[in-house]
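Structure record follows, encoded as structure tokens.
The values are calculated or read from the model by the stated rules, or taken from the named source; none is laboratory data. Keep in mind that what you see is a predicted model, and the values were worked out from it rather than measured. Backbone-built Cβ (ideal geometry, glycine too); neighbour counts: all protein chains shown.
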Amino acid sequence: MRRIKPLNRSDDALCAARYVSPRRRPLSGQEAKIRAVAYALKQAAPEAVAAAAPRMARLIHGPCWLVPIPASDGKVRANLALCKAIAKLVPGARVKTAVARSRAVASSTGLRLRGFHGLKPAQHHLRRAGDRGRPLPVYLVDNVIRTGNTIRAARTALALGVGLVYADARGSLACRIPERHRDRVREVFLAA
């Protein structure tokens, strides 16, 4: 069996759009729209899901698992709706709620807005939920990546996976895994 090289920290997520903060500079019309969609995805707004899913689906290929990352309150409703919409656009994509929170946590965004640091990966209290099954590439689905700690926590819980997010707020130059690295997407044994 071929050994899969682990992803670098900078290669931890596929991102469909760049998220720019209005605190840095005035936003263009497109940047304002991306920001509005990213916020609306937290509530699973149908128009936001319809706008984000095609952009995210273009970044992946099936067959694969789409794993919704739970919100800070432990609910997966918003990211589950996004996963289902992406699965309709990617042949062979399957949705699996394979990560759960062992308890609710404070919102990293809320903490930052109050002047505190966001959560570290261990503070997310994410754990594997479900059995191992058929090996397929795993995409950990979330609306926005800020530091990458939520994706890292989910990847630690499953011991694999790559983030698939709508908007990259990290300010990094490259928000997508280059085509040459896509074969590195780790496989997981999740039940169908």
**Prompt:** Are any of the residues in the range 85-99 among the small types (Gly, Ala, Ser), part of a helix (DSSP H, G or I), modelled with pLDDT of 95 or more and in contact with a helix residue (DSSP H, G or I) (Cβ under 7 Å, 6 or more places away or on another chain)?
**Reply:** yes
**Prompt:** Out of the range 108-126, which residues are in a loop (DSSP other than H, G, I, E, B) and at pLDDT 70 or above?
**Reply:** Gly115, Leu119, Lys120, His125
**Complete:** Matching residues in the range 1-33 (among the charged types (D, E, K, R), in a loop (DSSP other than H, G, I, E, B) and either at pLDDT below 75 or closer than 19 Å to Val49 by Cβ (or both)) number 4
**Item:** From the options Leu66, Leu82, residue that is touching a Phe, Trp or Tyr at 6+ places or on another chain (Cβ under 6 Å) and either among the polar types (S, T, N, Q) or crowded, with 19+ Cβ neighbours inside 10 Å (or both)
**Value:** Leu66
**Asked** Of all residues in the range 132-147, which are at pLDDT below 90 and closer than 18 Å to Lys42 by Cβ?
**Response** Val144, Ile145, Arg146, Thr147
**Asked** Hey, any hits in the range 155-171 for a residue that's closer than 13 Å to Asp12 by Cβ, modelled with pLDDT of 85 or more, of a type in the set (Val, Ile, Thr) and not in a strand (DSSP E or B)?
**Response** yes
**Item:** Residues being in contact with a Lys or Arg (Cβ under 6 Å, 6 or more places away or on another chain) and without any contact (Cβ under 8 Å) to a residue 24 or more places away in the chain - total across the range 11-40
**Value:** 0
**Prompt:** With (1) of a type outside the set (Ser, Thr, Tyr); (2) at pLDDT 90 or above; (3) assigned to a loop (DSSP other than H, G, I, E, B) as the list, and Gly74 as the residue in question, which single condition is left unmet?
**Reply:** (2)
